[in-house]
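Q: This is the structure, below, for whatever I ask next.
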Amino acid sequence: MTIDFKEALTRADLIGLFAPAVGQEKSAETVDAAVGALHLPPEPWGAAEALQIVQRIARSGGLIGIVARLAAARLQAKQAFEVASRK
């Protein structure tokens, strides 16, 4: 799993996080369901919104939930690093 930390993340970026583990179709369904449940604006999403999406998916069971928890931890670490580097 790789996360390219950009200013904004797209649907394709998030799907790409999960596709190697569960496939493109399941990843797309899962990301779309999470975005819909959170009532988020259209992409691109900032780091905070991307984290919300990933954390929503992390509540799922199975492999996709595990992958989402790892992705959430990496996003949180990146956010913490950015905050610390501004000081």
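Q: Once you place label points 7 Å from the Cα toward the Cβ at THR10 and LYS87, how far apart are they in nm?
A: 3.6
Q: Quote the charge dipole size of the chain about the Cα centre in Debye, to the nearest 20; the model charges only the Cβ of Lys and Arg (+1) and of Asp and Glu (-1).
A: My answer is approximately 380 debye.
Q: What residue among ALA34, VAL83, ALA71 has its Cα farthest toward the positive end of the dipole of the chain, where the charges are +1 on Lys, Arg and -1 on Asp, Glu, each on the Cβ?
A: Highest projection toward the positive end goes to VAL83.
Q: Mind checking the angle between helix 62-86 and the chain's longest principal axis? C-alpha axes, 0 to 90 degrees, to the nearest 10.
A: Computed tilt is about 10 degrees.
Q: With springs connecting C-alpha atoms under 10 Å apart, model the chain as a Gaussian network and identify which of ALA33, ALA58, ALA77 has the largest mean-square fluctuation.
A: Its mean-square fluctuation being the largest, the pick is ALA77.
Q: If you don't mind, another one. Sorted from largest down, what three extents in whole angstroms do the Cα atoms of the range 11-86 have along their principal axes?
A: Between the extreme Cα coordinates on each principal axis of the range 11-86 lie 39, 25, 19 Å.
Just so you know, all these numbers are worked out from the coordinates, no wet-lab data involved. Remember, predicted model here, so these are calculated numbers, not experimental data. Neighbour counts run over all protein chains shown; Cβ positions are idealised from the backbone, glycine included.
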